[in-house]
Structure formats: structure tokens, C-alpha cells
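In what follows, a structure is listed as C-alpha cells, so that the remarks can point back to it.
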Amino acid sequence: MQAILPYIQSRQSEIIALIRRFAECESPSDNPAAVNRFVELVSDAVTPYAKVKTHPGGAFGKHLVCEFQLPGRRKSGQILALGHSDTVWPMGTLRSMPFREAEGRLWGPGVLDMKSGVVFFLFAIQALRDLDIPVPSKVLLQLNSDEEVGSESSRPLTERNAARSKAVLVLEPGTGLTGKLKTARKGVGDFTVTVRGKASHAGVDFPAGASAVLELARQIERIAEFTDLKRGITVNPGVIAGGTRTNVVAAEARVDVDIRVLRLRDAPRLEKKFRSLRPVDRRCKLEVTGGLNRPPMERSEGIVYLFKTAQAIGREIGVELEESLTGGGSDGNFTAALGIPTLDGLGGVGEGAHAANESILVDRIADRTAVLAKLLATL
Ligand SMILES: [Zn+2]
């Protein structure tokens, strides 16, 4: 086990080269052909030591599941490593944001979220194989093609593989420049509230109109009050639309709202509040659609156990791992909600996910990879 970190350090330039190849194979969620090219690149990389299977992703690229051949004869139970192949970056982003190594970092689209996490995991597997360190469990890696757009098509596959696992390790980036692990994530959902009023000529027949825009403005005030920061509930009316012309009393208006909850039991309460909105102007009608789409990852005992295990492993190699709560969702939300211990944020350490300064710290490549290898050998 002590040999793991030096082994990984000796392969650092290969790790960086693979991150570069992965980042330079652009894979936006909405371009299935591009995502499939990336999936093929990963498949080719693991074929010498894994059984590879792809699953159709509907309108998206294929989902990839790899089962690794690892040292150790008797396998009991399964560990699922979870990641995604898609990025938020459109094709051609490389032209303005090329991959580069500078200032102790690797820069480029998707390096942090989350191509480095995938590469770390593959090198963790290679370390265990080359050093002949027994791994007590069967190990699967699943890469989803639609994580950045809600994981609708991959969710059943994620849940199926997680349900058979004793632990899920999510290769998403850590939090902040210290790379805190994620032991809790908020649940995420959205609602749309549509107001139907009554159109009229704003000059000729004003009183006959029932303005959907005015009604919506009033409703938004109420909706915004559903936020309860103390309980970790946020409600963000993020997008509004409505009306046609200034001289028409608006017949229709709409708001799209993002919601986040820390506790699963807060979701139905919030939903009830949305469904009980009533128009101030009785001539208007309200229609409410939507709900929770990712349940919260609540910090369970099993999650704490995984975190403590990772923390002890970190100490062995001289890094102090901390834990964090994030408002952002991942596929770990689904697996944790099934009651499967899930540890998230095990991937790259850096900043700028979904932003122009997306980058990872080069001097955190080796320890992150070593923690993954040691987790697989321990759990
Ligand atoms: Zn991600």
C-alpha cells in the first residue's frame, strides 16, 4: 500500500497526457456524436484491463460501464465509481480555451468537471494492478452522457448499478482549492408557474383586461418568500417571460423557478406551497408544473463512514481531507437517496467548473489518485 503514492508520482506525466487527450476530445451534452467519440476514447484506454459495455442514451450519447480485472481472488460486494462523459462546453471551445499547463495548473474545458476525475480513477486502477494489491470488491466505473442536463436518460442505469453496490464513489471535483470531499448535496428541482389573464387594448379597453404580467409579479413576491435559508431551502425565480406589446394588457406570463432543499421531507412541503398559490386577481388563472428532480444527498451514517475512511487514508499520505456541503447536484444524489453510502467530490482539485478559468492543481493529482486506489483496496 505504501508503494501506491510513489508509483502514481512516477506516472504523473502520463496522467497529465491523458487528461489532455480527454479534454481535447470535446464532449458537450447536446452533441451525442462528440460524446460517443469521447466514450470510445475511454473504452480504448481501459480495454486491456476491463470489460466494457455501453448503454443507449436516447437523445444523448452512450452511457459507459466498465468492470475492471483487479488483483485478489474472492470478491465480496461491489463498488460503483460514478462520473460523466459530457461537459457544459460547446464544440469549438478549445479554440478560445485551449488545453495548457501553466502556473502549476492544467487549464481547459472539462479538465475539472470532470475529465481529470476519470483519469485519476483509471490510474488508481492501474496502480492496484501493477502493484498487485488485492481489491476485495468488484469495481465498476459508470460514465453518464447526460449529467450536465439532468441525467434523465442515465438515472435508471445509475440506480440499478448503485442498488447492487455497497459504496458509490463520485469522481466529481472537490470543493474549493483545498478539494474538500462532498458528504451532502442539496436536492434540486424546478417549477414553472404560468399565469393566464385576459388580453385587452391598453388604451381603448383597459378595465376589460386582466394583466398576467401584473399577476405574475405579485406571485413572484410570494414564491420568493418560500426561501428559508436556515433550513437550507432556496427558491430562485430565475427566468420570466410574458406579454406581447406595451399597448396590450398581457394575456400570459410565466416564471421558471429553481428550488434547492437540504432535506427530502422539505420537498413535498415546498411542492404543496407552489400548488396552493392562488391568483390575487380572480380573473387570472394559475398553472403550476414541475417538482424535485434530484433528491438531496443527506449526510447519512454510511456517508460519514466513507468520509472517515477517506480521511484516514489521506492522513497516511500526508493530506488532510475535509468535508463540505454543496447546493449543486450530481448523480450521487440519486445513489445516496437509495440509501447507498456515497462519497462525492473525489476528483480534481481546482476551480472554475463551467467557467472560463476552469483548471486543476497539478500538485494535487498524485494524492487524489492515491486516495482512490487506497479506497478501492480498503472498502
Ligand atoms: Zn460534473
Members of segment 305-316 that are without any contact (Cβ under 8 Å) to a residue 40 or more places away in the chain and in contact with an Asp or Glu (Cβ under 6 Å, 6 or more places away or on another chain): none
Exclusive hit being out of contact with any Phe, Trp or Tyr (no Cβ under 7 Å at 6 or more places or on another chain), closer than 19 Å to VAL371 by Cβ, in contact (Cβ under 8 Å) with a residue 12 or more places away in the chain and not hydrophobic (A, V, I, L, M, F, W, C), set THR175, THR183, THR194: THR175
Filter pass, VAL65 being within 23 Å of GLN126 (Cα to Cα) and either surrounded by fewer than 15 Cβ atoms within 10 Å (Cβ to Cβ) or β-branched (Val, Ile, Thr) (or both): yes
Leading residue by the ranking (nearest to ILE15 (Cα to Cα)) among those in segment 331-379 that are touching a strand residue (DSSP E or B) at 6+ places or on another chain (Cβ under 6 Å) and among the polar types (S, T, N, Q): SER359
Filter pass, ARG263 being in contact with a Lys or Arg (Cβ under 9 Å, 6 or more places away or on another chain), closer than 29 Å to ARG155 by Cβ and not β-branched (Val, Ile, Thr): yes
Qualifying residue in segment 248-259 (condition: part of a strand (DSSP E or B), surrounded by fewer than 17 Cβ atoms within 10 Å (Cβ to Cβ) and β-branched (Val, Ile, Thr)): yes
Filter pass, GLY203 being exposed (fewer than 15 other Cβ atoms within 10 Å of the Cβ) and assigned to a loop (DSSP other than H, G, I, E, B): yes
Every residue from segment 317-334 that is in contact (Cβ under 8 Å) with a residue 60 or more places away in the chain and either away from the ligand (no atom under 15 Å from the Cβ) or not in a loop (DSSP other than H, G, I, E, B) (or both): ILE317, LEU321, GLU322, GLU323, SER324, LEU325, THR326, GLY332, ASN333, PHE334
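In the list VAL288, VAL280, VAL371, VAL304, which residue meets the criterion of being assigned to a helix (DSSP H, G or I), away from the ligand (no atom under 16 Å from the Cβ) and surrounded by fewer than 19 Cβ atoms within 10 Å (Cβ to Cβ)? It would help to see each step written out before you state the result.
Details: VAL288 fails: assigned to a helix (DSSP H, G or I); VAL280 fails: assigned to a helix (DSSP H, G or I); VAL371 fails: surrounded by fewer than 19 Cβ atoms within 10 Å (Cβ to Cβ).
Matching residue, one of VAL288, VAL280, VAL371, VAL304: VAL304.
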Subset of segment 335-375 [on the phi > 0 side of the Ramachandran plot and free of Cβ contacts under 8 Å to residues at least 40 places away in the same chain]: GLY339
Residue satisfying all of: in segment 344-368; more than 16 Å from the ligand (Cβ to nearest atom) and of a type in the set (Val, Ile, Thr); surrounded by the fewest Cβ atoms within 10 Å (Cβ to Cβ) among these: VAL362
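For (1) closer than 29 Å to LYS374 by Cβ; (2) β-branched (Val, Ile, Thr); (3) at pLDDT 95 or above, each residue gets a yes or a no:
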{"residue": "ILE19", "(1), (2), (3)": "yes, yes, yes"}
{"residue": "SER29", "(1), (2), (3)": "no, no, yes"}
{"residue": "LYS51", "(1), (2), (3)": "yes, no, yes"}
{"residue": "GLY58", "(1), (2), (3)": "no, no, yes"}
{"residue": "VAL88", "(1), (2), (3)": "no, yes, yes"}
{"residue": "GLU101", "(1), (2), (3)": "yes, no, yes"}
{"residue": "TRP107", "(1), (2), (3)": "yes, no, yes"}
Within segment 1-104, helices (runs of 4 or more DSSP H) holding 3 or more residues that are within 16 Å of the ligand (Cβ to nearest atom): 12-23, 32-46
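The values are calculated or read from the model by the stated rules, or taken from the named source; none is laboratory data. Keep in mind that what you see is a predicted model, and the values were worked out from it rather than measured. For neighbour counting, all protein chains shown are included, and Cβ atoms are generated from backbone atoms with ideal geometry for every residue, glycine included.
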